[in-house]
Every structure is written in C-alpha cells, then in structure tokens.
Amino acid sequence: MAVIYWVLISIAAFLVLVTLFDLVQGRRPILRNFPIIGHLRYWLITIGPELRQYIVATNREERPFTRVEREWIEEAGDNKDNYFSFGTDDEINRQGFVFIKNAAVAYGDRNFIREGVYTDTVIPCAKVFGEWRGRAKPYRAQSLINVSGMSFGALSGRAVTALNKGAKLAGCYQSTGEGGLSDYHKQGADLMFQIGTGYFGVQDENGNFSMDRLVKMVAENPQIKLLEIKMSQGAKPGKGGLLPGEKVTPEIARIRGVKPGETCASPTKHNTFETPAELIDWAEEIAEKTGLPVGIKTAMGHGAWFEELAKLMSEQQRGVDFITVDGGEGGTGAAPLSFSDHVALPFRLGFTKLYKIFLRAGMADKIVWIGAGKLGFPDRAAVAFAMGCDLIQAARESLIGIGCIQAQKCHTNNCPTGITTHKKWLEKGIDPEVQAKRLMRYIHSFHNELAEITHAAGYGHPSQFKMSDIEISTGQDSTISLRDKFGYEKIIPKAPADMT
C-alpha cells in the first residue's frame, strides 16, 4: 500500500507542477486557459498524420501519395498480386483525369500472365546517351525507370545501400544526388553522379569545382556512367540543398568535404557558369576530359535562359547530352511550404514548355529527355513518354519500394523506418538485402504493367506513344488531347519498334 501511496503522491505532484507551468507560461494561450487538458490538443496534432493515414482518409485522399498508390508499390515489392477488383474508385469525370486510348487491335501476341505474380520485365531506353555528340563512353540505360537523386546524408547509409543493390538487381541506374559518392553507392549498380552547386566530393580546398578531382573519381569508379549538373530541383527551385547539422556525421562530412555537426547548405547557383554559353563550354570540357555524357537537371519557370541554350546548341552543334525535367510537385528534399506549393511549374506544364523550346530549335531529338516528379506509376509514365520523355526517374516511389510509409518526418532525423535518419537504432530497421529485392520487384512490376499498357495502345515500345494517344478530361463529359492542349507532337525516336 505504501508504494501505491507514494506513486499517487508523485503523480499528483507532477500534475500540480505541470498546472503551475501552464498557468505562468505565455506562449500557448490554450494551456494557460486549460492546464493539463490543453496538452491533449498538441498530442493529437502530433499524431494527426498517422490518424489520417490509418483511420480518416479514403483510398484517394492522401497526399502526396494516395493509399492505393502506396499499396500498388508495396504489393509489387512484397511479391503479391497488385491487381485491383470491382472497377475504379477514382472520379473519372473530374477535370484533369487522364485517358490512354487503346488500339482496336492490341500489339503482338505476348500476354503478361502472372504465373506466381512476379515477372522480370525490363524495357531499355530507345535513345543512347551521348550518341549525338559522339562521346567516348556513350550509354544506353537498360531500364525505363531509374532511381532519382537522393544523397547519402539526406538518406541513411542502409537506405542508399538498399537502393543501389535494388537498382543492380533490377537493371537500372541510381543517381547519387548532390551529396557526393559514398561507399554505399558502390554496391554494383550503374551510377549517375550529380554535380550540385556545392560540388560535394569534387571540390578543391576552397570549395570550388575541381576538374582534377572529378576526372580522378570517374577513373576510379567505372560504374559512373552519366554526369548530371544540378541547376535546380522540384522541391525547392532556386534554393540549394540543406542538410541539418544534426545529420552531418563525421562520415558524411568526410564524403562531402565539410565540417561535422555544422549545417550543410549548398549555394543557390553554380559559380562555374552564369550564361548558357558558359554552361555549354563547361559541359563540353567535362565530357571531353571524362568521356562521359553530361546533362543538366532543372525545374522549369521562365524559359528565356533555355531559349538561348537551345539556340546556341543548334548553332554550334554542341552542348548537353540530356536534360532532366523535375516537376514542381517533386519532393524528397525538405523545403519551405511556399516553395513546395508554388515555386516552379508542375511536370506536365514544365516539361512541355521546355520540350517545345528545343523542338523549335531542332534539338529535341538529339538529347535524351528524363522526367521526374511523381512519375513512378505506369499510367503517368505513359503520359510522360507521349510528351517526349525517354526515361523516368523515381525518388519517393523508390523509397516506398524499400519501406517508406510516408510519415513525412524526413527532415527531422526521426524517420520511423530508418530511411532518412542517422540514428542507429532507427536505421537498423532497414535490411538492405530484403529491401533491395522489394525495390527490384517494384521496378520490374512497373515495366510489366507499362508494357501491357503500351501493347494495349498498339505499340511495341513506350517511346512510340504520341501526344494524340492521351486524352485529358476537361469536365462535363468532354476531353482534349495532349497535342491540342499543348500544341505540339513529339518526335518519335529512331529505334527498334519492339524492345519489350
């Protein structure tokens, strides 16, 4: 009884102290007026995302990815049937809904029957990186979907390892993100090395770009097949990457060439170029000294700078080998709310704007086009290919493939799955070998279903999709084709018709 008595006394004393604190503090009016009970409100706010995800939201309500979208990826990764029964529960007459027009007679005689669910379908890119410029080391991507740029630092070591091993098993490449090349990236997959504004991993002692360090790194790591100059990203265009100091471990600091424990912020722009002409010269110098295809990544806003770039590339017949267009809806990087919501055009608007610029300059068919921004689903990919994309890169979809539950705690270092944290007790939740296989199955399932859609539309390869093959609902039982909406027809690559 004495123990119970002292426990009750302790609880009462604790509640009295909390009440006194609530009454004298001035930051939270609710707590001053409703001591103790007011804390319930803030606790419910804290677990609000979980409540909405598991109890409140319907299949199509959650953002940025709905329950059915996450389920499609998770079921594929778990080697389960990711078919859905009893018709669509989406609102097909809503404005913006996409319809892919099927052919009267489907292409070929191959039916993707799922024997044991899993299939290992992979579709290569119709174009070859660097072919138009005759680079010393041209590259054909063997997968139409690849792992988008997410740095070690933003992601844990185990997460990067799982992504790289999964990419190797699936036959796709992985972008390193702008945080440099770590040992976790060296698990066998082809790599796209991203050169960000901070030049992490390829900077000199003053923090400026070092060509010698880049050449040395490429020579020592033959798995690097592509070099991407990151101009901006969809999550926060016009802002450099930011890694909070608590996530800058000694290992990350060594790889990036920064100080441990200090917030790592990239500049907003490159200091190696300002004008399109300077970019062309720099890209050509990098390609000449490394032999690799060189491209840029950008989120689209104003188009004048790119008008000049396309014009100069057409006149000089030199420049970048590929362009990655990141939609404003992209989002693995944490960003201010106004940037996430309003800065940069969404993928469809941004991509069509940029593609038309290069189409008018006669350069659209020379370079490889990569799309990013919630495109890791077969239907969205089909639309992107119809618009002119040659490849897709998926970031958040790849994370879901290795266990992400959309907790949206990426920037807090408290990711419950261990993907975006460097707390060892959380990070150990990831088994890289298991999650690598889950990512592989998602990527193969993506190819499988994209091939099915492609054949239903009467084609042998997704790059054969045309703008006129896609209709978009304008509401009230009417549609408009992508061609009529955006005013162009893409150039179909000159490649074998059936590569599936």
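Residues in segment 258-281 that are touching a residue at least 24 places away in the same chain (Cβ under 8 Å), under 25 Å from residue 243 (Cβ atoms) and of a type in the set (A, V, I, L, M, F, W, C): 258, 264, 265. Note on segment 412-442: residues that are at pLDDT 85 or above and in a helix (DSSP H, G or I) total 15. Within segment 169-225, the residues that satisfy the criterion of being over 24 Å from residue 371 (Cα atoms) and of a type in the set (Val, Ile, Thr) are 202, 215, 218.
Counting residues in segment 72-89 that are modelled with pLDDT of 80 or more, surrounded by 14 or more Cβ atoms within 10 Å (Cβ to Cβ) and under 30 Å from residue 485 (Cα atoms) gives one or more.
Residues that are surrounded by fewer than 22 Cβ atoms within 10 Å (Cβ to Cβ), touching a helix residue (DSSP H, G or I) at 6+ places or on another chain (Cβ under 6 Å) and closer than 21 Å to residue 140 by Cβ within segment 176-217 comprise just one, 188. All conditions in (1) farther than 24 Å from residue 298 by Cα; (2) at pLDDT 95 or above hold for residue 192, with the sole exception of (1).
Okay, residues lined up against (1) surrounded by fewer than 13 Cβ atoms within 10 Å (Cβ to Cβ); (2) modelled with pLDDT of 85 or more; (3) not assigned by TED's automatic domain parsing to the domain that holds residue 479:
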| residue | (1), (2), (3) |
| --- | --- |
| 104 | yes, yes, yes |
| 115 | yes, no, yes |
| 121 | no, no, yes |
| 151 | no, yes, no |
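The values are calculated or read from the model by the stated rules, or taken from the named source; none is laboratory data. In this text, all values refer to a predicted model and were calculated from it rather than measured experimentally. Cβ coordinates were reconstructed from backbone atoms using ideal geometry, including for glycine residues, and neighbour counts include every protein chain displayed.
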